[in-house]
Amino acid sequence: MTNPPPAPEPAAAAEVPTDSAEFASADSRLPGPRQPRPDRRVTLRSDLRASWPDGLVALLVTAAVFVLLYIRIRNKTSSTVSVMPFMADAGGFWMYFLSQAFGWSALLWAWGTVTLGLLLSGPRPGRLPLSAARLERLHRTTSLNTIALITAHALLFGAELVRHSTASWNSALTTAFIETFVPGGYDSGTGQIAIPIGQAALYLAIPLGLLFYVRHRIGPKTWRVLHRFVIVVYVLSVWHTLLYGTNVWYDGWFRTSVWLLQLPIAALLLLRLLRPARRSEKLPLSPGATASRTGWALRLGGRLAVVGVMVALVVVVVSGNDGGRTVPPDDTSSTHNHD
């Protein structure tokens, strides 16, 4: 399951130079004269250097997930064995399970990245353990690590295809590249839909995440407009997981938990739309001189759509009708063949 990474959310309301050059720290909004601060532009290199603690935690989580998946496969308690019985050989397919582990940690880091972004661009809780500037920096580093995790997930998936191919190395490498990275190249079972969805998320996430570091060239307004599509990347990632993740293939608490985790995201998104940090993004009671009727209607429609999503998520979680399979098919090779 490709869980491509969302990246930083739009900037907060106050645009004064800080360590992040984008967000005002909490103390900058206190009464009294504001102390001048140097405008230190954030660079990709500096964020890469700062991302190693978060990246180390991500690797440790990935290792723990891999061990759990491996043990469940070896004990034949994983639904993956029901979907693909030939993968009961845990040692023979360890690379595929490692790819799964990177996919799950990438989805977890993407969830955290989106949550931080929505907290920073919407109404913030009264007390936070870190200042806004430090939270924003953590938001950027988790975004970079999400990109790294999803890239590892995709590369390991392709490497597994090469490893089990009987063709010559150059032919196997070409086929694996096409099936892993070219939309429409994977033509087997559920992957015909799920793989292109994951690829779309990946190919959108990388530029949307890295555009932050060239926003001074494209303009902050353009960057903010493009950056709002990050939520689309996250939706595609979750959709890909629910379609193709053999761990959540059948009904059960694990699949329902994936749906449940989307409720906080939807709630924060609704709060961000209702009470955005930027005054210019607030929705007036009715369209006036400062807002066209079309723009006002679109923004109102977006808020109503998020409310609808929240209602749908609650119905899914409460009813347990989460789109999973109830009974393993007699012949799984034709319905979900990853080879």
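Before moving on, here are some points about what is shown:
- Any hit, the stretch 143-162, residues being of a type in the set (S, T, Y), buried (at least 18 other Cβ atoms within 10 Å of the Cβ) and part of a loop (DSSP other than H, G, I, E, B): no
- Hits in the stretch 204-261 (condition: basic (K, R) and in a helix (DSSP H, G or I)): R215, R217, K221, R224, R255
- Scanning the stretch 71-100 for residues that are assigned to a helix (DSSP H, G or I) and open to solvent by 60 Å² or more (accessible area, probe 1.4 Å) yields I71, R72, R74, P85, F86, W94.
- For G122: the one exception among (1) within 29 Å of V65 (Cα to Cα); (2) crowded, with 19+ Cβ neighbours inside 10 Å; (3) at pLDDT below 95; (4) not hydrophobic (A, V, I, L, M, F, W, C): (1)
- Residue in the stretch 62-70 that is open to solvent by 20 Å² or more (accessible area, probe 1.4 Å), closer than 30 Å to L44 by Cβ and not hydrophobic (A, V, I, L, M, F, W, C) present: no
- Members of the stretch 25-83 that are at pLDDT below 85 and of a type in the set (K, R): R29, R34, R37, R40, R41
- Hey, L268 closer than 21 Å to I150 by Cβ, in a helix (DSSP H, G or I) and open to solvent by 20 Å² or more (accessible area, probe 1.4 Å) or not: no
The values are calculated or read from the model by the stated rules, or taken from the named source; none is laboratory data. Note that the coordinates shown come from a computational prediction; the quantities given were computed from them, not determined experimentally. All Cβ positions, even for glycine, are placed from backbone atoms using ideal geometry, and neighbour counts span all protein chains on display. The accessibility values were calculated without ligands, DNA or RNA, using every heavy atom of the protein model including side chains. Shrake-Rupley method; radii C 1.70, N 1.55, O 1.52, S 1.80 Å.
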